[in-house]
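We did not get these values from a lab; they are worked out from the coordinates using the rules stated. This one's a predicted model, so the numbers in the text were calculated from it and none came from an experiment. Neighbour counts are summed over all protein chains in view; Cβ atoms, including those assigned to glycine, are modelled from backbone coordinates with ideal geometry.
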Amino acid sequence: MKKFIGISILAILLGFSSANAQDTTKKVTTKVKEGVVKAGNKTAELASKGKNAITDKIYKDKEGPNGETIYINKHSKYYWIDKKGHKVPISKNKLRSKQ
């Protein structure tokens with residue numbers, strides 16, 4: 001009988017520890033995915049800014065509403081690069097002078 005109780009308690013403890021391990025694994029996996037997405041977005045942003053600084057003109061006297069660098073493409077369209085590396089068009093009247 002003592003062996004049966006000991007084995008039962010051991011089985012219960014192992015069950016709890018495996019459930020805890022799975023929960024920890026999910027948390028770690030989620031954190032890793034968030035980190036990968038953040039790194040990918042930053043890489044895309046830097047790549048876009050680098051490419052556009054070479055191919056398009058930078059508007060030196062003006063900036064975006066939140067201090068963004070403004071680029072002018074070959075069609076005289078104004079835009080800035082967001083945190084995900086996308087071009088965000090902006091109209092000329094929304095630009096402000098640099099301070």
Relative contact order, percent, of segment 2-97 when contacts are C-alpha pairs under 8 Å separated by at least 6 residues? 22
Placing +1 at every Lys and Arg Cβ and -1 at every Asp and Glu Cβ, with all other atoms neutral, what dipole size does the chain have around its Cα centre, in debye to the nearest 20? 200
Pop the C-beta distance of Lys94 and Ala39 into the FRET formula with R0 = 25 Å and round what comes out to the nearest 0.05. 0.25
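Need one word for segment 34-94: rounded, prolate or oblate. Basis is the Cα gyration tensor (sqrt eigenvalues a ≥ b ≥ c); a/c below 1.5 gives rounded, then a/b vs b/c decides.
Taking the square roots of the gyration eigenvalues as a ≥ b ≥ c, segment 34-94 is prolate.
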If exposed trypsin sites (Lys or Arg not before Pro) are those in a DSSP loop with at most 13 other Cβ within 10 Å, what is the longest stretch of the chain that has none? 1-73
Between Lys84 and Lys51, what is the label-point separation in nm under the 7 Å Cα-to-beta-carbon projection? 1.6
Among Gly85, Gly40, Thr24, whose Cα sits farthest toward the positive end of the charge dipole of the chain (+1 at Cβ of Lys/Arg, -1 at Cβ of Asp/Glu, about the Cα centre)? Gly85
